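Undergrad: Pasting a structure here, questions to come.
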Amino acid sequence: MALSVSVKRTLSASAARIQNARLRLLDRLLNASDDGRLKPMSGSWQARGLVFSRDRPLQLHALLTSYLALCEDPAPLSVIYSALTPEYDVAYAQVIEEIGDARISVTSEEELGFRKTLLNELAPNSSSHVFFLVDDIVFTESWRFSSLLPFSTESSIVSLRLGSNLNWSYTNDRRQRVPKLVGLSQFESAAGDPRDADALFSWKWIRGESDWAYPLSLDGNVFRVEPLRQLVSQLDFHSPNSLEARLQKHASMFLMTWGVCFGKSRLVNLPLNRVQNDIPNRHGQISAQELLEVWSDGVRVDTAALRGLVNCSAHQEVTLPLLHRPSHGKS
């Protein structure tokens with residue numbers, strides 16, 4: 001009986017902490033200015049990225065390569081990875097060696113588990129913003145964080161994965177309506193025409209559908225660190241997919257905020273395979289083991305060939321353009 005009472009008290013305290021975090025976020029959102037136009041914030045902002053990877057060294061290499069090639073002012077990235085076998089571990093070490101960029105750090109989740117490793121990465125530091133990426137993403141367009149962060153406020157969420165080109169939901173396998181996008185005229189290029197690929201636009205998440213009504217995506221969305229950390233610290237999760245699922249229980253608070261995106265999406269998720277069993281996500285039929293063998297043969301994704309790809313969905317199956325590393329003696 002004493003154990004049962006103790007468990008109930010623990011659950012009650014946990015629920016109270018989550019509710020308090022929700023109320024703090026809601027208070028910030030309700031007190032944010034909403035006069036029909038999103039306003040940029042002044043100040044000096046710093047972003048950092050968190051990348052989640054599991055048994056996908058080839059795809060992670062493509063993500064990192066495209067990020068460094070197309071982001072004109074790249075923020076530091078922390079990769080949290082999980083390797084099923086020693087062969088994957090070796091491949092991850094090769095990825096980091098090939099990339100050779102000090103702005104990218106790597107941590108295995110094996111020692112502390114995913115949740116604690118993530119919370120350590122979200123601990124307070126000099127960064128004002130955090131963005132999430134997963135390993136089957138490839139960047140297809142250039143951009144600068146300095147143009148985005150002033151619009152990542154307590155009343156808005158920036159999305160690198162959305163753009164006026166996204167009229168299909170791969171996840172739901174159906175068309176999705178692109179909401180009315182309002183040009184952010186503070187930028188000379190933002191003439192108000194969504195076909196202006198490099199302009200910035202805003203909409204209200206609550207007025208969107210499917211991908212356009214999904215503010216808590218871990219595929220390239222940018223958040224203010226502190227409110228997100230407070231919320232995540234109260235959630236029970238063990239993997240990136242379970243984290244995203246738990247976050248959706250609080251999505252209603254964020255639907256009233258603004259979304260911000262470019263006229264054309266900056267990235268695309270290539271769902272070639274599934275490496276987790278938490279969520280039965282739709283995916284292609286190329287196994288992680290097949291791609292590991294491709295990596296071991298010296299083959300890499302030709303991310304330059306994917307630049308300018310006009311995808312119609314945030315997730316899209318495409319034929320991977322591949323090339324051999326010169327050191328392997330193949331053309």
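Undergrad: Asp211 is checked against (1) surrounded by fewer than 21 Cβ atoms within 10 Å (Cβ to Cβ); (2) in a helix (DSSP H, G or I) and fails just one. What number does that condition carry?
TA: All conditions pass for Asp211, except number (1).
Undergrad: Here's a follow-up. Condition first: part of a helix (DSSP H, G or I) and either crowded, with 18+ Cβ neighbours inside 10 Å or hydroxyl-bearing (Ser, Thr, Tyr) (or both). Now tell me which residues in the stretch 100-116 satisfy that.
TA: The first filter runs over the stretch 100-116 and keeps only residues part of a helix (DSSP H, G or I), leaving 114-116.
Scanning the stretch 100-116 gives Phe114, Arg115.
Undergrad: Can you say whether Ala16 is in a helix (DSSP H, G or I), out of contact with any Gly (no Cβ under 8 Å at 6 or more places or on another chain) and modelled with pLDDT of 95 or more, as far as the supplied structure shows? Spell out the reasoning first.
TA: Working: in a helix (DSSP H, G or I): yes; out of contact with any Gly (no Cβ under 8 Å at 6 or more places or on another chain): yes; modelled with pLDDT of 95 or more: no.
Against the criterion (in a helix (DSSP H, G or I), out of contact with any Gly (no Cβ under 8 Å at 6 or more places or on another chain) and modelled with pLDDT of 95 or more), Ala16 does not qualify.
Undergrad: While we're looking at this one, here's another question. Among the residues of the stretch 157-180, what is the count of those that are touching a Gly at 6+ places or on another chain (Cβ under 9 Å) and farther than 28 Å from Pro74 by Cβ?
TA: First pass over the stretch 157-180, keeping only residues touching a Gly at 6+ places or on another chain (Cβ under 9 Å): 157-165, 176-179.
Subset that is farther than 28 Å from Pro74 by Cβ: 176-179.
So the answer is 4.
Undergrad: Of the conditions (1) within 30 Å of Ala305 (Cβ to Cβ); (2) acidic (Asp, Glu); (3) at pLDDT below 95, Glu188 fails just one. Which one is it?
TA: Condition (1) is where Glu188 drops out.
Undergrad: Another one. Checking the structure you have, find out if any residue of the stretch 145-154 is at pLDDT 95 or above and either in contact with a helix residue (DSSP H, G or I) (Cβ under 8 Å, 6 or more places away or on another chain) or assigned to a loop (DSSP other than H, G, I, E, B) (or both). Working first, answer last.
TA: In the first step, residues of the stretch 145-154 are kept if they are at pLDDT 95 or above; the result is none.
No.
Undergrad: Of all residues in the stretch 247-281, which are over 23 Å from Gly163 (Cβ atoms) and either modelled with pLDDT of 75 or more or not acidic (Asp, Glu) (or both)? Can you show your working first?
TA: Residues of the stretch 247-281 that are over 23 Å from Gly163 (Cβ atoms), as a first pass: 249-250, 252-253, 273-280.
Answer for the stretch 247-281, where residues must be over 23 Å from Gly163 (Cβ atoms) and either modelled with pLDDT of 75 or more or not acidic (Asp, Glu) (or both): Lys249, His250, Ser252, Met253, Asn273, Arg274, Val275, Gln276, Asn277, Ile279, Pro280.
So that you can scan it fast, the table gives a plain yes or no per residue for (1) within 24 Å of Leu68 (Cβ to Cβ); (2) modelled with pLDDT under 95; (3) under 22 Å from the mean Cα position of the chain (by Cα); (4) of a type outside the set (A, V, I, L, M, F, W, C):
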position: His283; (1), (2), (3), (4): no, yes, yes, yes
position: Glu293; (1), (2), (3), (4): no, no, no, yes
position: Arg300; (1), (2), (3), (4): yes, no, no, yes
position: Leu306; (1), (2), (3), (4): yes, no, yes, no
position: Ser313; (1), (2), (3), (4): no, no, yes, yes
position: His324; (1), (2), (3), (4): yes, yes, no, yes
position: Ser327; (1), (2), (3), (4): yes, yes, no, yes
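Undergrad: Restricting attention to the stretch 287-304, which residues are of a type in the set (Asp, Glu) and either crowded, with 20+ Cβ neighbours inside 10 Å or touching a residue at least 12 places away in the same chain (Cβ under 8 Å) (or both)?
TA: The answer is Asp297, Asp302.
Undergrad: Hey, another quick one. Looking at Leu50, Leu58, which is the one that is over 19 Å from Val158 (Cβ atoms) and at pLDDT 95 or above?
TA: Result of the check over Leu50, Leu58: Leu58.
Undergrad: Something else now. Note down all Cβ pairs under 8 Å where the first residue falls in the stretch 228-254 and is among the basic types (Lys, Arg) and surrounded by 17 or more Cβ atoms within 10 Å (Cβ to Cβ), the second is assigned to a helix (DSSP H, G or I) and at pLDDT 95 or above, and they're at least six residues apart or on different chains.
TA: Arg229/Leu119
The values are calculated or read from the model by the stated rules, or taken from the named source; none is laboratory data. Remember, it's a predicted structure, so these values are computed and weren't measured experimentally. Cβ sites come from the backbone with ideal geometry, for glycine too, and all protein chains shown count toward neighbours.
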